[in-house]
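Read the structure below first, then the notes.
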Amino acid sequence: MSRQIHIGKLTLGGGAPVRVQSMTNTDTMDTRATVEQALRMVEAGCELVRITAPDVKAAENLGRIKEELLRRGCEVPLVADIHFNPKAAEVAATLVEKVRVNPGNYTDRNTGKLEFTDQEYNDELKRIGERMASLIDICKRHHTAMRIGTNHGSLSERIMSRYGNTPEGMAQSALEFAQVCEAQDYHDLVFSMKASNVKVMVDSTRLFVQKMHTLGMDYPIHLGVTEAGDGMQGRLKTAAGIGALLLDGIGDTIRVSLTEDPEAEMPIAYDILQAVGARITQTEYIACPSCGRTQYDIQRALKEIKAKTKHLVGVKIGVMGCIVNGPGEMADADYGYVGSGRGKITLYKGHEIIKRDIDQKDAVDELVHFIEQDRK
């Protein structure tokens, strides 16, 4: 289990629910558009709103965005997304609850070096600590959290010289920044290893967590497949990467990165969390694909059951085609709806039969009525 940190009033890690976040795609200088989009994101279930701050002026405007959100009754924590401008990070850290920086922001860039001696390697690490000192001090004074976000394809020349553009390089880069922050007694950290390649994202995150634990660190992990695209492909890539790690017990906050309106990301995030059992926010259904043994309209029955029970958060309902596999394969369901003959249904509570051979035209209503009475 990771340590727990605070991002404003929101707890992250340490047994807290896996948090869902997303990022605005408006112009940060357009306060009204950014606020309106953030409100739509929160309405859809977003618990952390990330906003880009490409320069100091944009970072300063985060304060106005924050004020307007509070005026509108929205206390969602804000995360400033920083690229290539350490000064913007320092400004933002005084105004919002969290900043996201890329290790590349603080390294020597474009030197053209292909090889580093041990002394040169360590000298740059020392300079990184000096460059980050001001931001770390501001974060400590303002109780601002920080995400160190390592991205595949944007590793420093120093890291590339030793490890190449690899999961090992991503993990090592993040680990070195963890050590820089720890040396300055700053621990309100979150780490991410992001890539558009699902395997690279999964491998680098697992490797970082392993290395971190070996050194006695336990920082929360942010999961996401960056630039996943849109539509079904984007959803499948995201589910594969995030889901694999959540099943490993890795991950404290997730972001679904779709080339769509950010509000569309939240339902997918909660679906992934539900599917792996990380956060239960919906009714869950176990339903077989059916086969020639099914002697009732299972597709229609499933739709009707979903429509009438979708408000029962945490309840698991099995909808099965026949008694051959049905009762066994829905064994962990709370309630069951199982075909038992031509047009006939048998209802279950757990492993117990409630009522046998009900006519299919009445069976859905009888199931719903039983569940309602049973849960009173």
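Hey, can you rank 114-126, 57-69, 347-359, 363-375 by average C-beta count inside 10 Å, highest first?
57-69, 363-375, 347-359, 114-126
Using Cα atoms only, what is the angle between the long axis of helix 118-142 and the major principal axis of the chain, expressed in degrees (0 to 90) to the nearest 10?
Result, in degrees: 70.
Percent relative contact order of the chain, based on C-alpha pairs within less than 8 angstrom and at least six residues apart? List each step's numbers first, then the result.
On the way: 727 pairs, mean separation 45.8, N = 376.
With pairs under 8 Å counted, the relative contact order is 12 percent.
Calculate the dipole size of the chain relative to its Cα centre from +1 charges on Lys and Arg beta carbons and -1 charges on Asp and Glu beta carbons; express the result in debye to the nearest 20.
For this selection, approximately 620 debye.
Taking the Kirkwood radius as the inverse of the mean 1/r across Cα pairs, report the Rg/Rh of the range 284-374.
Taking Rh as the inverse mean 1/r over Cα pairs, Rg/Rh reads 0.91.
Please state the shape class of the range 94-164: rounded when a/c is under 1.5, otherwise prolate if a/b exceeds b/c and oblate if not, all from the C-alpha gyration tensor.
Here the range 94-164 falls in the prolate category.
Write down the percent of antiparallel bridges among all DSSP beta bridges whose residues are both part of the chain, to the nearest 5.
Given both bridge residues lie in the chain, the antiparallel proportion sits at roughly 30 percent.
In nm, what is the difference between 0.36 nm times the number of residues separating residue 32 and residue 332 and their Cα-Cα distance?
Working: separation 300, 0.36 × 300 = 108.00 nm, distance 4.81 nm.
Result for the pair: 103.2 nm of gain on full extension.
Compute the relative contact order of the range 284-374 as a whole-number percentage, counting only Cα pairs closer than 8 Å that sit 6 or more residues apart in sequence.
On the way: 154 pairs, mean separation 22.5, N = 91.
Answer for the range 284-374 is 25 percent.
Does anything in the range 151-188 have its amide N under 20 Å from the 7 Å Cα→Cβ label point of residue 117, and if so which residues?
Residues passing the 20 Å test: 157-163.
How would you order 243-254, 27-38 from highest to lowest mean count of nearby Cβ atoms within 10 Å?
Averaged packing, sorted descending, gives the order 243-254, 27-38.
Would the range 1-121 count as rounded, prolate or oblate if I go by the C-alpha gyration tensor, calling it rounded below 1.5 in a/c and otherwise prolate when a/b exceeds b/c, oblate otherwise?
oblate
If I model a spin label at residue 308 and residue 232 as a point 7 Å from the Cα along the Cα→Cβ vector, what separation in nanometres do I get?
Rounded to a tenth, the inter-label distance reads 3.1 nm.
How many percent of Cα pairs in the chain exceed 41 Å?
26
Does anyone have the angle between helix 198-214 and the longest principal axis of the chain? Alpha-carbon axes, 0 to 90°, nearest 10?
70
Once Lys and Arg get +1 and Asp and Glu get -1 on their Cβ, which of 16, 1, 351 lies farthest toward the positive end of the dipole of the chain?
Comparing the listed Cα positions along the dipole, 351 ranks first.
No lab work stands behind these numbers, since they all come straight from the coordinates. Please read these numbers as outputs of a predicted model, since none were measured by experiment. Glycine gets a Cβ as well: all are built from the backbone with ideal geometry, and neighbour counts include every protein chain shown.
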